[in-house]
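Before any comments, here is the structure.
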Amino acid sequence: MGPPQPSGVSLAIGVDVQLTGPEAAQGKAVLDAVNRVVEAEYHGRIEGLPLTVRQFDDSANGRRDPAQGRRNLERMLADSTLVGLVGPLSSDVAEAEIPIANAAHLVLVSPGATNGCLTKSLPTCITPPADLRPSGLNDFFRVVATDDLEPFALLQYATSTLHATHFAVGSDGQDYGKVARAGFEAALKKAGLTAATTAEFDPASQTATDAFLAEAKTAGADAVFFGGRDAGGACKVRLRMQAPFGTTAPFLGESGISGDGCLKDAAAMAPGVYSVTAGMGPPTRLAETAARVLLHALTSSVKAAGGNVPNREDVRAAVARSTDPRFDSNGDTGERVFTVFQGQASGWVPAGQVRI
């Protein structure tokens, strides 16, 4: 701990998450995790400087609101003692906040924003990552893997744990479904595999679904991947698998199917449904990691500033140099961990973890 500082000299970090509305429980868990690290591991001080955790709610009128995120950033930038933040949790809020924070060199360490387009120039991106960074430097870092890697993690689990070898690949033809299907086909290609059969169809159509599944069975498929969302009826395909496949062949989908609607549509066939989500365990673990990254960077920055409040650029640069975890030049973590969930009548349960 550094030498005693003059009265009134202090530091602050922000926690920028949803604290009201339907996502409040997750946001409050993140806030609690950050406060726990600050108090238990740093005793509320950085090199002798008192440290304050300031909370900001990304919800407005009972729901998550990117515009509220922008307003939060403006409030943070008005506080010269606030030199970094943990958050945001959601990719849409992150997209709204990154340009504002970037212009001021304010570092963001996210435990939950997974959209690959925030950091990577992917074919599906509407806004290139460079357009979000007017300073030309990267100020957005995340301790969670990107969602464009979901199909690769899911395929690894399906082949190594479920021992599937031949995959039928379908989608609902909607934007999300098309991207999910393309991602899974790319994962197959990288693994030296090809789809047993492919199709786009409306999962609400039993005729189209049954035709796809019959062709899949004839082609020797022992697993089915479907690109779509639970709200769009993706898991109705799973229910129709019972006649041609029985109950053993797995049904696979990206995180878009992991809602209660999927399990309702799959009904008695729910136990064979598998989905994947970036990260491991509860959000508190990733929040603690994000807090440690920011606080470690803050500690080194205060030391370099001779025990004084560092400037925001120095803190940003210190986060970029993190070794636990390491970040690539885009700000993405090298710890690419995913959790696979299995459907059950009682809900989604963790089935395993995958590192890619």
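Roughly how many percent of the accessible protein surface of the chain is carbon and sulfur, given a 1.4 Å probe and a whole-percent answer? Show your work: numbers first, answer last.
Working: 7520 of 15040 Å².
With neighbouring chains kept in place, the figure for the chain is 50 percent.
Between helix 66-77 and the chain, what is the angle of the helix's C-alpha long axis to the longest principal axis, kept within 0 to 90° and rounded to the nearest 10?
20 degrees
With just the Cα atoms defining each centre, how far is region 308-356 from region 44-91? Give it in Å.
19 Å
Looking at the chain, send over the antiparallel percent of its DSSP beta bridges, to the nearest 5.
40 percent
Under 10 Å, Cα contacts only: if you run a Gaussian network model on the chain, which one of ASP328, ASP147, ASP16 comes out with the highest mean-square fluctuation?
Of ASP328, ASP147, ASP16, the most mobile in the Gaussian network model is ASP328.
Once the other residues with Cβ under 11 Å from the Cβ of GLU39 are scored (Lys, Arg +1; Asp, Glu -1), what is the net sum? Working shown, then result.
On the way: positive: ARG36, ARG45; negative: ASP32, GLU41.
The answer is 0.
Just add up the charged neighbours of LYS120: K/R +1, D/E -1, any other residue whose Cβ is under 12 Å from the Cβ of LYS120.
-3
Which value, in Å², gives the accessible area per residue of the chain when a 1.4 Å probe is used on the protein heavy atoms? Walk me through the numbers before you get to the answer.
Details: 15040 Å² over 356 residues.
Value returned for the chain: 42 Å² of accessible area per residue.
Could you give the angle, 0 to 90 degrees to the nearest 10, between helix 206-218's Cα long axis and the longest principal axis of the Cα atoms of the chain?
Orientation of helix 206-218: about 80 degrees from the principal axis.
If I fit a long axis through the Cα atoms of helix 283-304 and take the longest principal axis of the Cα atoms of the chain, what angle between them do I get, 0 to 90°, rounded to 10?
Compared with the principal axis, the helix lies near 30 degrees.
The values are calculated or read from the model by the stated rules, or taken from the named source; none is laboratory data. Computed from a prediction, not measured in an experiment: that's the story for all the values here. Virtual Cβ from ideal backbone geometry, glycine too; neighbours counted across all protein chains shown. Note: accessible area is taken over every heavy atom of the protein model, side chains too, but ligands, DNA and RNA are not part of it. Shrake-Rupley method; radii C 1.70, N 1.55, O 1.52, S 1.80 Å.
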